[in-house]
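Worksheet: one structure, shown below.
The values are calculated or read from the model by the stated rules, or taken from the named source; none is laboratory data. Since this is a predicted model, take the numbers as computed values, not measurements. Here the Cβ is made from the backbone with ideal geometry for all residues, glycine too, and neighbour counts use every protein chain on show. Heavy atoms of the whole protein, side chains included, go into the accessibility calculation; ligands, DNA and RNA do not. Shrake-Rupley method; radii C 1.70, N 1.55, O 1.52, S 1.80 Å.
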Amino acid sequence: MALSGILAAVCLAGSLVLIRKGHPAGKLGVFIAGLLCLLSIVLRPADDEPDGLAATELPVSLPQQDVSYGYVSSTVCRDCHEDQHASWAGSFHRTMTQVVTPETMAAPAVQVSLKLHTRAFHFIPAEDRFLVETVDPEWDEERLKVGLYTISENEAPPFVRRQIVMSTGSHHYQTYWINGTKGNQLWRVPWVYHIQMQRWIPIQDTFIVPPFNHRDVSNWNDNCIHCHSAGGEPGVQDREALETRIGELGIACEACHGPGQQHVEHRRQLIAAGTPGSVPDKTIVNPLRLSHRRSAEVCGQCHSSTLFDPYQRKDFLPGQMLEDTIVLHRYTDELVQNTSHLKDSFWADGTMRVAGRDFSSLESSACYQKGEVTCTSCHSMHRYEDADDQLAPSMRTDAACLQCHESFAMDVSAHSHHTLESSGSRCTNCHMPHTSFGLFKAIRSHRIDSPTAAMTIKNGRPNACVLCHLDRTMPWIDEKLVEWYGHEKSSTSDIANNSSPAVALLLSGDAVQRAVMAWNFGRDEAREASGDQWQLPLLAELLDDPYSVVRVTAQKSIMNYPGTAGFEYDFLAPVGERKKARATLIGRWEKHRAAVGANDQLARKSNDELKPLMLTPSRHRDVERLSKLLQVRNNQEIYLSE
C-alpha cells in the first residue's frame, strides 16, 4: 500500500475517535483522510492492481539446449579452433539470435511510449531486464485464425506486460521476442529498433507489404528457428505446451560444419593416444573441401527461398544434397505462381529479387551451372575483410571474376567499352547489379549474367545500364548493346523512346521496382554517369509513396544530392506532413537550380535530352508528363518475403 494510503487510514481512525468525543477537529480529519485516500488511489502503481498488467507477466522460458542430435556448441569448438572461433565471434552470424541482456540490447535503456493507429506500445527498461506493454499476441492470433487480417479501429484488445527475452539481428535492426503462455513459445514484438536510424519502427513498416493496418503475428518457434539457430527442434506438435529445443542460438559453427560430437570424440581419442589425425577429417564437414554445388548448398539452406516443415526439425546437414530434405521455390513452380508473396519474390524472368536469398539467384547462373563458382569463391567466413558482407581479401575488386575469366584481364576496357578507371569497367557493376532488395537497401543480384534490353523491356528487371545511366532512353541503351556485343535490336514503344526507363520504373513501377530504383538513384556511380541536378524533384514524388519502405529509401538517396543539407523528413509522418515535405524539397531544388550558375549541367542538354528527365525546354518540371507517369503507377499489392 502507498504511504498516502497508510496516512489516510491513520488519519481516519484518529478522526473517528475525536468525533466520538465531540471534538470539532474530527470532521476536518475525516475530510483530510478522504483526500489522502483519493491520492493513494491516483498514485497507486499498476503492480498493485490485482487485475492489472502485472498479472500478465510470465517467467522467462527460452529454447532449451539439446545435445541428443550430436550438437556440442561453439564453446567446445573454441578449445581447438581458437582463431576460427574468434573470427566467427566477430561476425553478424554469431549475433543473429541472442538472449537479451543489457549488453546485447541495441535499443537505448530509455522508457518509450509509441502508438500505431489505435494501439499503444510501451518499452520499459527495468534494471537488468527490459519489459514491454503491448497487445496480447495470442489474442491477435485467434483473430487471424478466423480471417481477421486487418486491425479494426473499434477493437479493444487486451494488453500484457512481458519481458523481452530474446532478440534477432544486431546489424541493421533488432527484433524482439516475448514469451507466450504455452510452453516456451516466443512471440514477436510489433516494433523493432533500427540501429542505423536510431529509432523504433513498426514491424510492418520494415517490409514491402501492402499499406494497410496488418494484424502482424509471428512466433519464432516454427519459423525463424530453422535458420537463426543450429540444430533447431520446433517442438510445436502440442500447440498448448511448446517444447522448442536448439543445439545453439545464432548461426553457429555447427550450422555450417554439421554436428560436432563425433568429431570431438574422435579428436580426443587421437590426442589421448598421441596419434596425429588425418586431413581431411571425415568426422566433420568443411565446406571448402566440398564440391562447388554441395558447398553452395551449405549456405543455401538459409540463403534461398525455401519451404520448411514447421512441425519438424530441419533435416538438412552440411554435405548433403539440399533438395533431398528442403523444398526450393523456383519461379515456374505451380505453388509460386499461385501464391502472391512467393511470386512477388521474383522478377518476371525468374530471377530472385529478395535480398538474402542469394543461392536462389546463384543457382540460375551459368557460372554455377556450367562453371564451378560457389559462395566461398568470393566470401569467407573466417578471413573476411569486413563483417558487413564477409568478402574475402581482394574479392571487392575485379579479381573476384578474373580468377576464372583470366582472358579479360589483359584489356578490360575492350570488353566493357568503358575506360579502365570507370565504374562501368567493374565486373560486378555490369554482371551483378543491385536488383535484390531487403533491409531498406538494394544489394547485388547473385544471378551472374549480362545486361540485355529484353531483361528490362520484357521482364521489368532493370539492367546494369539502366541503373547507371539514369538519364538515357531505352533505344540509346539498346543501341550500345547491339553495337558492342552484337545483340539483336529490341523493339520499344513510343513512351520508351521518349523517357528514361530508370525514371519510368522509379515513378510507375511496382513497389519493388520503385524501391530498387530509389536506392540506385542515390549511388555515386549513377550520379557521376548521369549528373546530379535533375533527380531531386523525381525522388520527391516518392516521399508520399504508399509504401513506407519506398519512402525511406528515397529519403536516404535524396540526402546524397546537393542542396539537401538540413532537409527534414519523417517517412512515418502523417500524409499531410509528407506532402508538405515533398513540396519543400521541390522548392529547394528550384532555388538550387537558379543558383548553380556556370556549373549548370542542364544548360548543356538539348531538348531531346531533357525530355527523358521529365523537364521542359526551360529546365522546369514537366508537370503534365510527370502526372501521366504517376497515374499509370503499378499499384498491385506486393508482399516481399524477406
Subject >> Flag for Ala515 being in a helix (DSSP H, G or I), modelled with pLDDT of 95 or more and touching a Phe, Trp or Tyr at 6+ places or on another chain (Cβ under 6 Å) >> reply: yes
**OP:** State which residue is farthest from the chain's Cα centre (by Cα) when the search covers only the range 373-396 and only residues that are of a type in the set (D, E, K, R) and either open to solvent by less than 30 Å² (accessible area, probe 1.4 Å) or farther than 20 Å from Asp83 by Cβ (or both).
**Re:** Arg396
Original post:
Cβ-Cβ below 8 Å, separation at least six or inter-chain, first residue in the range 147-169 and closer than 30 Å to Leu62 by Cβ and assigned to a loop (DSSP other than H, G, I, E, B), second open to solvent by 20 Å² or more (accessible area, probe 1.4 Å) and aromatic (Phe, Trp, Tyr): which pairs?
Top reply: Pro157/Trp139; Pro158/Trp139
**OP:** Identify the residue in the range 413-432 that is hydroxyl-bearing (Ser, Thr, Tyr) and assigned to a loop (DSSP other than H, G, I, E, B) and, among all such residues, is most open to solvent (accessible area, probe 1.4 Å).
**Re:** Thr419
Original post:
Name the residues in the range 500-521 that are within 19 Å of the chain's Cα centre (by Cα) and either open to solvent by less than 10 Å² (accessible area, probe 1.4 Å) or among the polar types (S, T, N, Q) (or both), would you?
Top reply: Ala511, Val512, Gln513, Arg514, Ala515, Val516, Met517, Ala518, Asn520
**OP:** Scan the range 320-337 for residues that are open to solvent by less than 50 Å² (accessible area, probe 1.4 Å) and closer than 9 Å to Thr306 by Cα and report the count.
**Re:** 3
**OP:** Give me a count of the residues in the range 350-388 that are closer than 16 Å to Ser305 by Cα, in a loop (DSSP other than H, G, I, E, B) and of a type outside the set (Ser, Thr, Tyr).
**Re:** 6
Original post:
How many of the residues making up the range 239-270 are within 27 Å of Phe92 (Cβ to Cβ) and either outside any helix (DSSP H, G or I) or open to solvent by 60 Å² or more (accessible area, probe 1.4 Å) (or both)?
Top reply: 13
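For Tyr569, state whether it is modelled with pLDDT of 95 or more and within 23 Å of Arg444 (Cβ to Cβ). Reasoning before the result, please.
Details: modelled with pLDDT of 95 or more: yes; within 23 Å of Arg444 (Cβ to Cβ): no.
Answer is no for this residue.
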Original post:
Is it the case that the range 289-309 has a residue that's crowded, with 16+ Cβ neighbours inside 10 Å, charged (D, E, K, R) and modelled with pLDDT under 95?
Top reply: no
Original post:
Limited to the range 549-576, what total is found for residues that are surrounded by 15 or more Cβ atoms within 10 Å (Cβ to Cβ) and part of a helix (DSSP H, G or I)?
Top reply: 10
**OP:** Within the range 110-129, work out how many residues are loosely packed, with under 13 Cβ neighbours inside 10 Å and either closer than 20 Å to Met197 by Cα or of a type in the set (Asp, Glu) (or both).
**Re:** 6
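Between Asp309, Asp315, which is in a loop (DSSP other than H, G, I, E, B), within 25 Å of the chain's Cα centre (by Cα) and without any contact (Cβ under 8 Å) to a residue 12 or more places away in the chain?
Details: Asp315 fails: within 25 Å of the chain's Cα centre (by Cα).
Only one candidate passes the filter, namely Asp309.
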Subject >> Leu538, sole failed condition from (1) over 23 Å from Asp622 (Cα atoms); (2) open to solvent by less than 20 Å² (accessible area, probe 1.4 Å) >> reply: (1)
Original post:
Which of the residues belonging to the range 110-128 are modelled with pLDDT of 90 or more and charged (D, E, K, R)?
Top reply: Lys115, Arg119, Asp128
Original post:
Considering the range 317-374 alone, what residues qualify as being within 30 Å of Ile284 (Cβ to Cβ), modelled with pLDDT under 95 and among the polar types (S, T, N, Q)?
Top reply: Thr325
Original post:
Any idea how many residues of the range 208-218 are touching a residue at least 60 places away in the same chain (Cβ under 8 Å) and in contact with a Phe, Trp or Tyr (Cβ under 8 Å, 6 or more places away or on another chain)?
Top reply: 7
**OP:** Might you let me know whether the range 526-541 holds any residue that is within 25 Å of Gly438 (Cα to Cα), touching a Lys or Arg at 6+ places or on another chain (Cβ under 7 Å) and of a type in the set (S, T, N, Q)?
**Re:** no
Subject >> Residues (in a loop (DSSP other than H, G, I, E, B) and open to solvent by 30 Å² or more (accessible area, probe 1.4 Å)) located in the range 577-615 >> reply: Gln601, Lys605, Ser606
Original post:
If you check every pair at least six apart or on different chains, which have Cβ atoms under 7 Å apart with a residue in the range 412-430 that is over 11 Å from Ala464 (Cβ atoms) first and a residue that is open to solvent by 60 Å² or more (accessible area, probe 1.4 Å) and in a helix (DSSP H, G or I) second?
Top reply: His415/Phe408; His417/Trp484
**OP:** State all residues of the range 70-105 that are open to solvent by 40 Å² or more (accessible area, probe 1.4 Å) and outside any helix (DSSP H, G or I); if no residue qualifies, say none.
**Re:** Asp79, Cys80, His81, Gly90, Phe92, His93, Arg94, Met96, Val99, Thr101, Pro102, Glu103
Original post:
Which of (1) closer than 28 Å to Phe359 by Cβ; (2) open to solvent by 30 Å² or more (accessible area, probe 1.4 Å); (3) hydrophobic (A, V, I, L, M, F, W, C) is the odd one out, the single condition Met410 does not satisfy?
Top reply: (1)
Original post:
If you go through the range 258-278, how many residues are out of contact with any Pro (no Cβ under 8 Å at 6 or more places or on another chain), among the small types (Gly, Ala, Ser) and under 24 Å from Gly319 (Cβ atoms)?
Top reply: 3
**OP:** Output the qualifying pairs, or none if there are none: Cβ atoms under 7 angstrom, residues six or more apart or on different chains, first residue in the range 525-546 and touching a residue at least 60 places away in the same chain (Cβ under 8 Å), second residue open to solvent by 10 Å² or more (accessible area, probe 1.4 Å) and of a type in the set (Val, Ile, Thr).
**Re:** Gln533/Val596; Pro537/Ile586
Subject >> Positions within the range 207-237 being out of contact with any strand residue (DSSP E or B) (no Cβ under 9 Å at 6 or more places or on another chain) and more than 28 Å from Cys256 (Cα to Cα), in sequence order >> reply: Val209, Pro210, Pro211
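Does Ala526 qualify as being within 24 Å of Ala355 (Cβ to Cβ) and either open to solvent by 10 Å² or more (accessible area, probe 1.4 Å) or β-branched (Val, Ile, Thr) (or both)?
no
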**OP:** Please tell me if Ile201 is in contact with a strand residue (DSSP E or B) (Cβ under 9 Å, 6 or more places away or on another chain), surrounded by fewer than 21 Cβ atoms within 10 Å (Cβ to Cβ), β-branched (Val, Ile, Thr) and modelled with pLDDT of 95 or more.
**Re:** yes
Subject >> From the options Val192, Val209, Val236, Val217, residue that is in a loop (DSSP other than H, G, I, E, B) and closer than 18 Å to Val132 by Cβ >> reply: Val217
